[in-house]
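Participant: First the structure, which I've put down as structure tokens, then a few questions once you've had a look.
The values are calculated or read from the model by the stated rules, or taken from the named source; none is laboratory data. If you're wondering where the values come from, they're calculated on a predicted model, not measured in any experiment. Methodologically, a virtual Cβ is constructed for each residue, glycine included, from the backbone with ideal geometry; neighbour enumeration extends over all protein chains shown. In case anyone asks, the SASA skips ligands and DNA or RNA and just uses the protein heavy atoms, side chains included. Shrake-Rupley method; radii C 1.70, N 1.55, O 1.52, S 1.80 Å.
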Amino acid sequence: PTAIRAVPGLAPLPDDTLADLANALDEVRVQAGKAVFHEGDPGDTFYLVRGGSLDVGTTDHEHLRTLGPGDSFGEIALVTDSTRTATITATTDARLWALDREHFLTAVKANPTARILTQAIIDTRLANAR
């Protein structure tokens with residue numbers, strides 16, 4: 001889908017790589033009020049928001065930001081090989097595309113520009129969470 005090309009960290013990838021990533025996407029539906037994952041959970045998936053609204057928050061119930069169609073999340077735990085840094089909860093019924101760790105990391109690590117852009121996104125999100 002064109003949603004992959006809209007992700008800043010993935011946009012510089014070649015068309016064939018983007019097509020491979022699109023083929024590897026799985027659809028995930030999350031009911032309003034349910035968490036996609038919790039802060040501290042292991043991270044094994046990158047997500048793109050297809051529809052709905054989601055809240056990014058901390059275990060202290062601090063609201064960090066709201067996600068909607070076209071937004072993405074989950075790259076921090078994948079790239080830094082750490083646990084999830086926030087809790088993502090659907091505030092409405094949400095539809096997501098999920099991309100597994102292997103596909104995401106293989107694509108990003110193979111492209112220097114994608115690596116740099118993804119790291120910049122991570123640095124910004126971590127700085128804004130403090």
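Participant: Just one of LEU67, LEU96 is under 11 Å from the mean Cα position of the chain (by Cα), open to solvent by less than 80 Å² (accessible area, probe 1.4 Å) and free of Cβ contacts under 8 Å to residues at least 40 places away in the same chain; which is it? Before you say what the answer is, go through the steps one by one.
Facilitator: Details: LEU96 fails: free of Cβ contacts under 8 Å to residues at least 40 places away in the same chain.
The conditions single out LEU67.
Participant: In segment 15-50, how many residues are farther than 20 Å from ARG101 by Cβ, in a loop (DSSP other than H, G, I, E, B) and without any contact (Cβ under 8 Å) to a residue 60 or more places away in the chain?
Facilitator: 2
Participant: When the residues of segment 51-60 are narrowed to those that are at pLDDT 95 or above and open to solvent by 20 Å² or more (accessible area, probe 1.4 Å), which ends up nearest to LEU96 (Cα to Cα)?
Facilitator: Among residues in segment 51-60 that are at pLDDT 95 or above and open to solvent by 20 Å² or more (accessible area, probe 1.4 Å), the one nearest to LEU96 (Cα to Cα) is GLY52.
Participant: Okay, next question. Name the residue that is nearest to PHE104 (Cα to Cα), counting only residues in segment 1-49 that are of a type in the set (Val, Ile, Thr) and surrounded by 12 or more Cβ atoms within 10 Å (Cβ to Cβ).
Facilitator: This residue is THR45.
Participant: Which ones in segment 112-130 are over 28 Å from ALA32 (Cα atoms), of a type outside the set (Gly, Ala, Ser) and open to solvent by less than 30 Å² (accessible area, probe 1.4 Å)?
Facilitator: Correct list: THR118 only.
Participant: To continue, here is another question. Can you pull out the residues in segment 1-55 that are under 15 Å from ILE76 (Cβ atoms) and polar (S, T, N, Q)?
Facilitator: Selection gives THR45 alone.
Participant: Given the conditions (1) without any contact (Cβ under 8 Å) to a residue 60 or more places away in the chain; (2) surrounded by 16 or more Cβ atoms within 10 Å (Cβ to Cβ); (3) over 23 Å from ALA11 (Cβ atoms), which single one is not true for ILE88?
Facilitator: Tallying (1) without any contact (Cβ under 8 Å) to a residue 60 or more places away in the chain; (2) surrounded by 16 or more Cβ atoms within 10 Å (Cβ to Cβ); (3) over 23 Å from ALA11 (Cβ atoms), ILE88 fails exactly one: (3).
Participant: Can you go through ASP44, ASP81, ASP20, ASP15 and tell me which one is farther than 22 Å from THR113 by Cβ and either among the charged types (D, E, K, R) or in contact with a strand residue (DSSP E or B) (Cβ under 9 Å, 6 or more places away or on another chain) (or both)?
Facilitator: Every option except ASP44 fails the conditions.
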